[in-house]
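Notes to accompany the following structure.
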Amino acid sequence: MHNRITLLRAERGVSRKDLAEAVGVNFQTIGYLERGDYSPSLELAMKICAFFGLPVEMLFSLSPFEPLTEALLRAETTRPTPETTP
């Protein structure tokens with residue numbers, strides 16, 4: 001299972017320990033999740049999503065996530081420009 005926990009933790013300045021305490025697991029569990037060594041239970045995945053305030057599909061995926069730079073570039077090329085907006 002793939003996830004964006006590391007990215008979100010870094011973006012929001014949250015340590016593994018802080019996240020672990022918030023969701024009721026050992027900080028090592030967060031490390032195992034981030035490395036893909038462990039798949040979370042549905043309950044744990046939902047707690048992590050609630051902590052970050054995001055839907056589950058934004059944090060977890062069965063296939064690798066598209067790199068964010070590629071997603072941003074794709075979004076830029078498909079965004080309507082003032083000339084194309086009616």
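Every number in this text was worked out from the coordinates using simple rules, so none of it is lab data. Everything quoted here is computed from the prediction, not taken from an experiment. Here Cβ is always computed from backbone atoms with ideal geometry, including for glycine, and neighbour counts include all displayed protein chains.
Summed over qualifying helices (DSSP H, 4 residues or more, each -39500 (n - 2.57)) and divided by its residue number, the chain shows a 222 nm mean residue ellipticity of -16500 deg cm²/dmol. Other residues whose C-beta falls under 14 angstrom from the C-beta of S15 contribute a net charge of 0, scoring Lys and Arg +1 and Asp and Glu -1. Shape verdict for the range 2-61, please, from the Cα gyration tensor: rounded (a/c under 1.5), prolate (a/b greater than b/c) or oblate. Rounded, since a/c falls under 1.5.
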